[in-house]
Structures are given as C-alpha cells and as structure tokens.
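Q: First the structure, which I've put down as structure tokens, then a few questions once you've had a look.
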Amino acid sequence: MAPLVLSAYTLVTANGRGVGPVLEAIRERRSGLKPCDFEDVTLKTYVGRVAGLEDFSLDHELKPFDCRNNRLAWLGLQQDGFTVAVAEARQRYGAHRIAVVMGTSTSGILETEHAYRARDPQTGQLPGRYTARYRYTHNMFSLGHFTRTCLGLQGPAMVISTACSSSAKAFATAARLMQAGLCDAAIVGGVDSLCHTTLYGFSALQLLSASPCRPCDEDRDGLSLGEAAGYALLEFGERVGGRGTVALLGYGESTDGYHMSHPHPEGAGAVHAIRDSLIRARLRPENIEYVNLHGTATPANDSVEDKAVYSIFGARPACSSTKGWTGHTLGAAGITEAVISALCLEHGVIPGTLNCLRVDPSLKSRILRENQIGPLSCVLSNIFGFGGNNCSLVLGKL
C-alpha cells in the first residue's frame, strides 16, 4: 500500500492532555492508574481516569452532544494544534474530501445508564432530556457526528465498533477509502470513556486486577480499565511527507471465529493479521524493531499473543505493553497505542513494560522491563479484541 503520513496526531489519557505529557510519563515511568474513584463504583480495582471531565460541559451548538464521551473527544481535539492542522488540510482538499473514521466500544452509554437510574418509578419511562439527545450521545455514530461537526468536515464518516480493535481498524478503513479515491485525507481516531457497564462487566468476567495491571508478569491477574481520546490526520506521503516523517506503512485484519470472548489458543488470527500487515508494508519480519503488544495483563491474552509474535519474529525484536501507563482504553486502545508508537519512532524510545516485576518464564518473546533508548525505523502495534477480532498496524519513518 502507499504510505499514509500521520501529518498531525494527538492523545489524551490518564497520563495527561497532549502527546507531551504522555511522552514525559513514559520517560519517567509514571503510571496514570489510580484506585477506582469513578462515580459511585465500589469495585476494588485501578483505573486510568482522565481528570476534569466532570468540571465542564459542552455548550452553544455542541450542547446536544454533551456527555462524558464527547467531552473527552472535545478535549482530545484541543491538544497539539490538531484543529489547526485539520483546518489547513481542509483548505488544501476541501471539507467534502476529508473522511472521518472513528472507533469506540461504548460511545456515550454512560448517559443511558444515568437515564435508567432517573426513570419514572411508576411507569419506567426514561426522562425526556435523555431520549431527546440519544442520537447525539449514546448512539454509536455520535462520536463521528461530533468529530465531523467540530472540525467542519463534510466527507465520508463512520464509526467502527469492534471492541478493542475499533480504533486500530479505523486506520485500515481510512486507508481503503483513500486508496479508492473517495477522499484525499482522513481523520482517524477513537474515544472511549469509563462507564458502569464496562467496569462491572469486566469484573463479572473476573478480568479486573485489584492492583495496577502487570502485563507479561508471572503473577499478572487481570487488566485495569482506562479512558482516552486520540486522533491522527492521514495524508498521502507524496503530498506532505518529508524525511523522518512517521507514516502508516501497512495494516492487517482478521477474525478468529473461535470463541465469543476467548482468542484462538494458538493465536491463529493474530498471526494472520501480523503477516498481512507486513505484506502490505512490503517488509520482512526482521525489519520490525519493536512490537507494541496488546498486552492486557490477563493470563490468557498475554500468553496467546506471545505465541503469535514469537512464531513470526522469534526473540529478536523488543516487545512491551504500555497499558501499565494508560490502562486498557478499549475502543480507544488502537489510536492510543498507535500514537505512542509514533512517539517512539519520533523520539527514539521503547517503553519497558510498566509494573512487570518478573517476566513470565513461559513467554518466549523478548519482553522489555526497562525503557530502551535508540533510533527506531519500524514498529508493529497489535490490537486484539474480544472474540479474536484482530488488527495489526505497521508504522515507520519515511
């Protein structure tokens, strides 16, 4: 495939607002995970909560969109000069020639949770203030509609919801739209905010850790949930690229079709996604210097991913998970880890797996525990969702 330059990108996580604080947290090995203090949740777990979302509301023409997920989306758009970069691209191509492809797993489901708590005790009817705004908040397209409205765009728009792989698959979908000539550029990204459904749902599945998550650790016992908003502006390399520019070089997608929630025990679908991403990037396994693992810190996920990665790369490339910083941001995990991978390429740093005290001896890949400094040219980012919904992205310097 033709390389697609990430001509602008931004990220908001529990580590801070913008790529600067995120990079600083990685360098200082400072986690954003804290004991759960989200609303009235009583679970003993840690979360990556973005501070300040409760302190403001969307107003004026954005008022109908007001909910936690869209507040987080708005906060992401305000960082790193992203809206300015999009405005300049709009001048180059026209508002109708820039696509918006977003990923989310829950959208504004928190609004519906609040609505059910406030329903009429006699009739069970939901409050009108919630039902009237459903299309702008909880509806799955809410995030795409909101992003396109904020940025003044009129091109193709869609929202992908495939669990954890959602905002990684946004890159793949945008690449196809651009290569088909349906647009000249694309805004890709994802936003997922904390809610009761995911917190209590993962708890019911016995997948939440009572301590900060420990990917690849021999005593890992579950994940930590987080929230995040991230965006990237994709453009064709020949139009805007320069030496050293970070670009999407390839992508691979697959579905295990093995189990409703559990991945294939040998990582068959993951292997397929990784191989396809390398083929599209016209690269060999030895060209990949760092693998940003999905690395959720659940025993099964880390083990299965290790089998897939080792079967292709052996123990040569450095591998790590960054979820010890951000938590698992679900539908926003793809954009979160793609942006972190871009920062690794740009600044020559590989994050060692945070909170991993002793690497599980059954894992065969070369798992880093400490940060490694040095130039990078090609990175693979894996995002593997529920039911074996897999996506791998190859990012590199042009």
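Q: Going by the structure shown, is Ala186 small (Gly, Ala, Ser), under 23 Å from Gly387 (Cα atoms) and touching a residue at least 40 places away in the same chain (Cβ under 8 Å)?
A: No.
Q: If you don't mind, another one. Here is a list: Gly250, Gly295, Gly314, Gly267. Which entry is modelled with pLDDT under 95 and among the small types (Gly, Ala, Ser)?
A: Gly267
Q: Now for a different question. Does the range 48-61 contain any residue that is among the β-branched types (Val, Ile, Thr), more than 17 Å from Tyr231 (Cα to Cα) and touching a residue at least 40 places away in the same chain (Cβ under 8 Å)?
A: Checked the range 48-61: no residue is among the β-branched types (Val, Ile, Thr), more than 17 Å from Tyr231 (Cα to Cα) and touching a residue at least 40 places away in the same chain (Cβ under 8 Å).
Q: Considering only strands (runs of 3 or more DSSP E) fully contained in the range 163-271, which possess at least 3 residues that are more than 28 Å from Gly108 (Cβ to Cβ)?
A: Qualifying strands (runs of 3 or more DSSP E): 246-255.
Q: Additional query: Could you look through the range 281-298, keep only residues that are of a type outside the set (A, V, I, L, M, F, W, C) and surrounded by 17 or more Cβ atoms within 10 Å (Cβ to Cβ), and pick out the one that is farthest from the chain's Cα centre (by Cα)?
A: For the range 281-298, the residue satisfying everything is Glu289.
Q: Scan the range 115-160 residue by residue and report those that are in a loop (DSSP other than H, G, I, E, B), surrounded by 18 or more Cβ atoms within 10 Å (Cβ to Cβ) and at pLDDT 95 or above.
A: Scanning the range 115-160 gives Thr137, Leu153, Gly155, Pro156.
Q: Also: Only residues that are under 14 Å from Val101 (Cβ atoms) and touching a Ser or Thr at 6+ places or on another chain (Cβ under 9 Å): list them for the range 173-201, please.
A: Ala185, Ala186, Ile187, Val188, Gly189, Gly190, Val191
Q: Which residue, of Glu346, Glu289, is more than 27 Å from Leu205 (Cβ to Cβ), in contact with a Cys (Cβ under 9 Å, 6 or more places away or on another chain) and acidic (Asp, Glu)?
A: It is Glu289.
Q: How many residues are in contact (Cβ under 8 Å) with a residue 60 or more places away in the chain, part of a strand (DSSP E or B) and either of a type in the set (Val, Ile, Thr) or surrounded by 24 or more Cβ atoms within 10 Å (Cβ to Cβ) (or both) when one looks only at the range 363-395?
A: The total comes to 14.
Q: Still on this model: Restricting to the range 290-306, give me the number of residues that are within 29 Å of Pro3 (Cβ to Cβ) and either among the hydroxyl-bearing types (Ser, Thr, Tyr) or touching a strand residue (DSSP E or B) at 6+ places or on another chain (Cβ under 6 Å) (or both).
A: Number of matching residues: 5.
Q: Turning to a different aspect of this structure: Before we move on, is Tyr200 surrounded by 20 or more Cβ atoms within 10 Å (Cβ to Cβ), out of contact with any strand residue (DSSP E or B) (no Cβ under 6 Å at 6 or more places or on another chain) and of a type in the set (Phe, Trp, Tyr)?
A: no
Q: Sticking with this structure for a sec: Looking only at residues in the range 105-114 that are outside any loop (DSSP other than H, G, I, E, B) and among the β-branched types (Val, Ile, Thr), which one is nearest to Leu199 (Cα to Cα)?
A: Among them, the one singled out is Ile109.
Q: A further question on this structure: Do the conditions hold for Leu53, that is, is it over 16 Å from the mean Cα position of the chain (by Cα) and either assigned to a loop (DSSP other than H, G, I, E, B) or closer than 19 Å to His328 by Cβ (or both)?
A: yes
The values are calculated or read from the model by the stated rules, or taken from the named source; none is laboratory data. Everything numeric here is computed off the predicted structure, so don't read it as measured data. FYI the Cβ positions are ideal-geometry reconstructions off the backbone, even for glycines, and counts take in every protein chain you see.
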